[in-house]
Amino acid sequence: MQIPLNRFEQYIDETILKRGLQYFKKGHVHEPEEISPGVYEAIVEGTEDYIVQLTLKNGIITEHVCDCPYDFGPVCKHVAAVIFYLQQDELELNNKTKRAKTNQTSKPVKRKTVAEQVDELLEKATHDELKQFVREQALQNASFRNLFLSSFAQHNSNESKELYVKQVKAILKAASDRDGFIDWSASRLVGKAVDNLLESARKQIDNRNYRSAVFICTAVMEQMTEALQYADDSNGEIGGRVEVAYEILYNIALEQSSEEIRKLIIEYCFTSFDKQIYSGWDWHTDILRLAALLLKTEEETERIFKQIDKAQRSDYEMERIQNIKYEILLKTKGENAAEKYLEQNITNSELRRVAIQKALEKRDFEKAASLAEDGVSYDLKDRPGLAKEWYDWLLKIAQAQNDSEKIIEYARLLFIDNFRKEQDYYTIMKQQVKPEEWNAFVEAIIKDIKTSKRWFDDISLIASIFIKEEWWDRLLELVKKSPSLNTIDRYEIYLSQSYSKELIELYANGILNYMKNSMGRDHYQNACRYIRKIIKMGGRGKANEIISYLRTEYPKRRALMEELNRI
């Protein structure tokens, strides 16, 4: 999200702004440093010390990153606190700071960026001084040592995968408690440290030193997979690094850099599969896919087929294995052998997609439709979501044939079922139905939605029809039937221009009902947010009534009183 610096309050959630301002006022923000032109970095003291980095260009924050775990919105309170720091003069937040009169009119000296300071020192420091500094830091600081060794791996005569295994193990050990467990907070530190190694792997690829990159990635994959057994990875820090390492390895394989590297990777794939290193995870079959990408010889092909045949697997793994085998047959045996295998395993959803797509490309609509209809029959009971996908394929087939009757039939079915948006089914129907029949057609759809088992209390599908048709009075009546604060908020944008008075009443009743069953500061802040909405819509009088009622009804809720005072 890009944020204009002089209007940042309009782009950040009000609660986050308040918390960021508190952090700034309490002095938790260290003075930001300009790392390079337009890139600022600051430490913000919180539960831990967090690093915030902002990129400014032409008065706009183009990037903002914080290493805190907050993931409930685009901006955290630490980022907001740094923005307040940068804007403190414009917002007159530094009145307590006394400045000498002589300095008020003098032009401030522009500080050098960190990059400029580093460049200056590198120019002045001697070669021996730099070597001594690196040597001392490498001996004293494990993180620096690991980064140094991985960044210059091509010059290390002792380089092997084991070198990086030791580095990852050291990272994991440092993050473990006395029982060997890595908690949620420590997992983030592990992720950050391993990111340095993975970044080194990318640099080695840029330098065409693929061997080092392969060693780094395989070491990370193995050790981080093992760590999943004794770590809280609810934030995905550890498993996510395995994914990144695999992706880097896959990209190396795509480049087909050299025969030496091809053999190094494919042998690793075969060996790690035999040793069951990634057993129980998708990576177990992913490395077979990687090996399939690198196959060249008949011996390698025979070896991977043997591994496929002897692998113990669930239905899910079976389908993944079948997909890999199809790709291998296509690559090594040709189109006919691959197509025969595809037809033999057509219940595999991925292979069915391939078969339908191939039939469509050949304009064999009868075969494509038969495959899709068979998919509906096969998956309707146990995998209804997948059955709807086959209906979507039937729609695509009908569209390719310009069969208006079937287009309407399938688009209607998928719209009423509220299938994920593969296509805009509503627009498709409107393009096919005659204008004079459209209103009656829509009313029939609304009736079917209301009587369907999926209707329950979800009004979104019917609401979407009223919005598309601009039937605002009916949308208002629909909202009145399910007047939760979330529902009113969701459709306010469509109704506020013509029905502000009605919305104010709905919000007022919604707030009072909400407060009957809600306690805690977060709930109070949420209620106050809706009271502010009422004020913005011109309902100051109604807002005052609500505030007065809440003060009288819940006088002992101190947190509520504090939040009401902030309105």
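Every read-out reported here was derived from the displayed coordinates using simple, explicitly stated rules and does not represent laboratory data. Given the structure is predicted, the values throughout are model-derived calculations rather than measurements. Neighbour counts run over all protein chains shown; Cβ positions are idealised from the backbone, glycine included.
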> Long-range amide H contacts for residue 433: which residues qualify at under 5 Å (H placed 1.01 Å from N, peptide plane, sequence gap of 5 or more or a different chain)?
Replying inline: none
>> If R₀ is 45 angstrom, what is the calculated FRET efficiency for the pair residue 45 and residue 482, using the beta carbon separation as r and rounding to 0.05?
In response: 0.50
> Of the labelled options (i) 3, 12, 16, 16, 16, 16, 12, 6, 2, 0, 0; (ii) 3, 11, 15, 18, 21, 18, 10, 3, 0; (iii) 3, 18, 29, 28, 17, 5, 0, which one gives P(r) over Cα pairs in 10 Å bins from 0, in percent as computed for this structure?
Replying inline: (ii)
> Per-residue HN-Hα couplings for the range 359-364, Karplus 6.51 cos²θ - 1.76 cosθ + 1.60 at θ = phi - 60°, whole Hz, x for Gly and Pro?
Replying inline: 5, 5, 4, 7, 6, 8
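I'd like to know how the range 471-565 sits against the 2.2 N^0.38 Å rule of thumb: what's its Cα Rg over that expected value? Don't skip to the end; give the middle numbers.
Numbers: Rg = 13.3 Å, N = 95, 2.2 N^0.38 = 12.4 Å.
That ratio works out to 1.07.
Hey, what did the chain get for relative contact order, percent, Cα under 8 Å, at least 6 apart? Intermediate values should be presented prior to the final figure.
Numbers: 540 pairs, mean separation 29.5, N = 567.
Reported relative contact order: 5 percent.
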> For the range 418-433, what does the Karplus curve 6.51 cos²θ - 1.76 cosθ + 1.60, with θ = phi - 60°, yield as ³J(HN,Hα) per residue in whole Hz, taken in order and with x for Gly and Pro?
Replying inline: 6, 5, 3, 6, 5, 9, 8, 5, 5, 5, 4, 4, 5, 6, 9, 7
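Would you kindly give the portion of the calculated P(r) for the range 3-95 that falls above 21 Å, as a percent of all Cα pairs? Please report the intermediate quantities before stating the final value.
Details: 883 of 4278 pairs.
Of the Cα pairs, 21 percent sit more than 21 Å apart.
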>> Helix-only mean residue ellipticity at 222 nm, the chain, DSSP H runs n ≥ 4 weighted -39,500 (n - 2.57), per residue, nearest 500. What is it?
In response: -21000 deg cm²/dmol
> Points 7 angstrom from Cα along the Cβ direction at residue 350 and residue 263: gap in nanometres?
Replying inline: 3.0 nm
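Compute the FRET efficiency between residue 309 and residue 335 as 1/(1 + (r/R0)^6), taking r as their Cβ-Cβ distance and R0 = 22 Å, and round to the nearest 0.05. All intermediate terms of the calculation are to be shown ahead of the outcome.
Values: r = 23 Å, r/R0 = 1.04.
Once rounded, the FRET efficiency stands at 0.45.
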> Regarding the range 203-246, what whole-number volume in Å³ per residue does the convex hull of its Cα atoms give?
Replying inline: 57 Å³
> Tell me, how many Å apart are the Cα centres for the range 508-567 and for the range 288-306?
Replying inline: 66 Å
>> Could you work out how much longer the chain between residue 439 and residue 143 gets when fully extended? Use 0.36 nm per residue separation minus the Cα distance between them, nm to one decimal.
In response: 99.8 nm
>> Once you place label points 7 Å from the Cα toward the Cβ at residue 5 and residue 316, how far apart are they in nm?
In response: 4.8 nm
>> Between residue 151 and residue 72, what is the label-point separation in nm under the 7 Å Cα-to-beta-carbon projection?
In response: 3.8 nm
>> Between residue 247 and residue 165, how high is the FRET efficiency from 1/(1 + (r/R0)^6) when r is the Cβ-Cβ distance and R₀ = 22 Å? Nearest 0.05.
In response: 0.65
>> What is the distance in Å between the Cα centroid of the range 385-435 and that of the range 72-94?
In response: 48 Å
> If one computes the Cα centroid of the range 176-240 and of the range 1-68, what distance in Å separates the two points?
Replying inline: 28 Å
> How large is ³J(HN,Hα), in whole Hz, for each residue of the range 79-92 in order, when computed from phi with the Karplus curve 6.51 cos²θ - 1.76 cosθ + 1.60 and θ = phi - 60°, using x for Gly and Pro?
Replying inline: 5, 4, 4, 5, 5, 4, 4, 5, 9, 4, 5, 5, 8, 6
>> Going by amide H atoms built from the backbone, whose H comes under 5 Å of the H on residue 61, apart from near neighbours?
In response: 3, 5
